[in-house]
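**Q** Have a look at this one.
All of the numbers you see were taken from the coordinates with simple rules; none came from a lab. These figures come from a predicted structure and were not determined experimentally. Cβ coordinates were reconstructed from backbone atoms using ideal geometry, including for glycine residues, and neighbour counts include every protein chain displayed.
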Amino acid sequence: MKITWLTLITLCFTPALFAAQGEPQAQKRFGDSTCLPSYLALYDTDKDGVISESERQVMVRARDQIRDKLCADWDTDGNGTISDQEREQAQTKLCTMITQDRTARFTAADTDGDAVLSYAEFILLPGMANKLAKNPDDTTVLAIFNRMNTDGVEGISLAEFLAAVQQCDQLRTQARDGTGLGE
């Protein structure tokens with residue numbers, strides 16, 4: 001019986017797969033096809049909500065230029081190779097830039113300037129606002145706020161905010177690399 005179902009499924013989908021392979025895939029739509037993520041919208045020069053092949057090529061060239069510039073910046077001795085010491089310096093510089101960016105986002109969200117994110121300020125952060133826009137009764141936003149507020153004092157301090165974001169980065173890295181899971 002399993003072989004029959006497998007054969008039937010294969011017969012049903014094989015023509016569609018061959019037909020799809022014959023069609024050019026010069027354009028790719030994202031999301032609901034009405035808008036692109038901001039990092040892709042920069043390359044949608046004709047503003048049609050689609051990245052065409054020529055727009056994709058421009059995007060690839062821009063990525064390559066950024067990579068080449070970073071490598072040149074990291075290769076401080078100019079020998080064409082990034083040593084362990086140069087890699088370490090680049091990582092330190094990158095971590096500093098990330099912390100500065102996160103601090104700026106925290107400061108922008110702290111609308112009353114008291115160096116603490118209240119729940120009212122926290123829910124205005126883009127990720128939290130998007131969750132609540134999809135489901136106003138979403139209790140996970142409050143749970144996230146409470147988990148980030150590790151000292152129990154009202155609101156989230158900059159130190160708590162940075163520690164929580166860093167912890168999320170570490171968990172994401174562990175999940176991607178397959179390390180630390182199940183320990």
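**Q** Count charges around residue 110 for me, please; just the other residues with Cβ under 13 Å from its Cβ, Lys/Arg as +1, Asp/Glu as -1.
**A** Surrounding charge for residue 110 is -2.
**Q** Taking the Cβ of residue 86 as the center, what net charge do the other residues with Cβ under 9 Å away carry, scoring Lys and Arg +1 and Asp and Glu -1?
**A** Value of the local net charge: -3.
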